[in-house]
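Inspection log for the structure reproduced underneath, given as structure tokens.
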Amino acid sequence: MKTRLVLAFGAVLFLAAAAAYGLTLGSARLQADGVTRNVLTRARTVALALRDAGIELNPEDVVEPAPESPVTRGMLIRVRRGQWIEVATEDGPAPILAHEGQPAIPANLLLQAGVHLLPGDAVVADGRQVDARAPLAQLPLRLSLAPKYALLIMRDGIAMEHQAAGPTVGEALWQLGIPLHPADSVQPATTAPLADIAGADSIAIVIRSAREFRLSVDGQTLTVQSAAPTVGEILAQAGVALTNLDYSRPAEGESAPADGKLQVVRVREDFIREQKPIAFGEQRLFLPELDLATQQLVTPGVYGIQESTIRVRYEDGVETARTSEGERVAVPPVDRVMGYGTKVTIRSISTPDGTFDYWHSITVYASGYWPCGSAGEPGRCYPHTASGKDVDLGIIAVVLSWYRLMQGWPVYVDRYGPAHIEDTGRNVRSEYWIDVAFPDYETFLELGGSAPGRTTLYFRTPVPSEDAIRYVAALPLR
């Protein structure tokens, strides 16, 4: 019984001691060396809690809260490691102290060392050029300013001297605060490394600022930003191509217009083909088996087709010109072939003047004339015929084409009498015509005072040559 009491009393003492020990433990959150963890500690101060957690501090480290601060349940203890950064200055290396957790902005770190950034400056962190105003992922060991290049910047004809580190043309211009429009022209290109183009003298950079142009094309007006010197280059940058006969105002080879107005004229050409008939000609075929002057169609005529080509020019859909491109015979005509009979048959005619043999006859209109009553010229007399004979009964005049072949031929004119072809005249009628002669006006009156009018002309024998017969077979009016 006594033994049991002793054991029970010992257990009570153990539990009481354990409870007292537990009451002395505290829970805190510790953030150090990039790790955040919960720790249990009986330490009364932050410094002792760090010691219990195995955290060793360096003189440049910063502890938050301060090391002498009391530990409270659930508190956050942060250890910010210090790091010395070597900053290159004009006076030599200048170390600065930075701590984890502070923004690692190069410009601010340089300012700690008394280095002020100027336009064109570039910062090198641990051998790599960085953005001076953008936080680094981690604190660097070394900071310096990148070496600068002397620049001669010519912008729109205005020269400026600067220094900038680059490393490219574009970055140097950005460092100098020189704005660029995407359409600006920069030579050398913005991607060109300054180190590749640097020489003994300044690096020349030419900037041609983009201008705004209003481009009329395809029924719409486009606003185009371009620094190109010529119209053609502006159009190319705008993605507008001149094809075939298209042209621009001003022309694509001309300088960019001062008023900023451009126009592209779309040109197309169509070809129109027009046709018109070609009249067919006539060929004569003399047929000895067909009676003289009888006509017979041997081959019908066929109209041909003449084709002309016209070039029609349209500018922006509006017709501006028509030009003939020439003509050609698309289908040649086929001549009509007429057959003319040349078969001569001798016949006789009984007249008040006797019986006459003739080999051909035609219907004519016969007018009359006398020496002083011809050609419609009052007071003028022509006593002789074209063949030199006296104008008298028994003479007739015919058109010149007949006379050349028939001069001297014997004929008979119904209601006039026998005669010979010895004179010429002019036919103004649309039918065959002759002029019968009288020696004077008095004789004309004695014989009735009128010419025969429409009558029959008989060609008396003898029969002329074959050529003459063929001529008569297709006898012309004039």
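Summary of computed values
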item: Sum of side-chain charges, W359 neighbourhood, beta-carbon under 13 Å (Lys, Arg +1; Asp, Glu -1); result: 0
item: Correct choice for Rg/Rh (Cα atoms, Kirkwood Rh) that was computed from the model, options (i) 1.04; (ii) 0.95; (iii) 1.71; result: (iii)
item: Extension gain (nm, one decimal) between D131 and Q296, 0.36 nm per residue minus Cα-Cα; result: 48.5 nm
item: The chain - percent relative contact order, Cα under 8 Å, separation 6 or more; result: 7 percent
item: Structure-based [θ]222 nm, the chain - -39500 (n - 2.57) summed over DSSP H runs of at least 4, per residue, nearest 500; result: -4500 deg cm²/dmol
item: In degrees, nearest ten, helix 2-24 long axis to first principal axis of the chain (Cα); result: 50 degrees
item: Unit charges at the beta carbon, dipole of the chain: most positive-side option, A397, G92, P188; result: G92
item: Per-peptide average of other Cβ atoms within 10 Å, ordering 462-469, 271-278 highest first; result: 462-469, 271-278
item: Residue among Y441, G425, I305 farthest towards the positive dipole end of the chain, charges placed on Cβ; result: I305
item: Charged-residue dipole, Cβ positions (Lys, Arg, Asp, Glu), the range 211-265 about Cα centre, Debye nearest 20; result: 120 debye
item: Estimated dipole of the chain in Debye, rounded to 20 [Cβ of Lys and Arg +1, of Asp and Glu -1, Cα centre]; result: 2820 debye
item: Peptides 333-341, 315-323 ordered by average Cβ neighbours within 10 Å, highest first; result: 333-341, 315-323
item: Phi to ³J(HN,Hα) by Karplus 6.51 cos²θ - 1.76 cosθ + 1.60 over the range 109-114, Hz, x for Gly, Pro; result: 5, 5, 5, 4, 8, x
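Values in this text are rule-based calculations from the coordinates and carry no lab data. Worth saying up front: this structure is predicted, and the values here are computed from it rather than measured. Note that we place each Cβ from the backbone using ideal geometry, even for glycine, and neighbour counts take in every protein chain shown.
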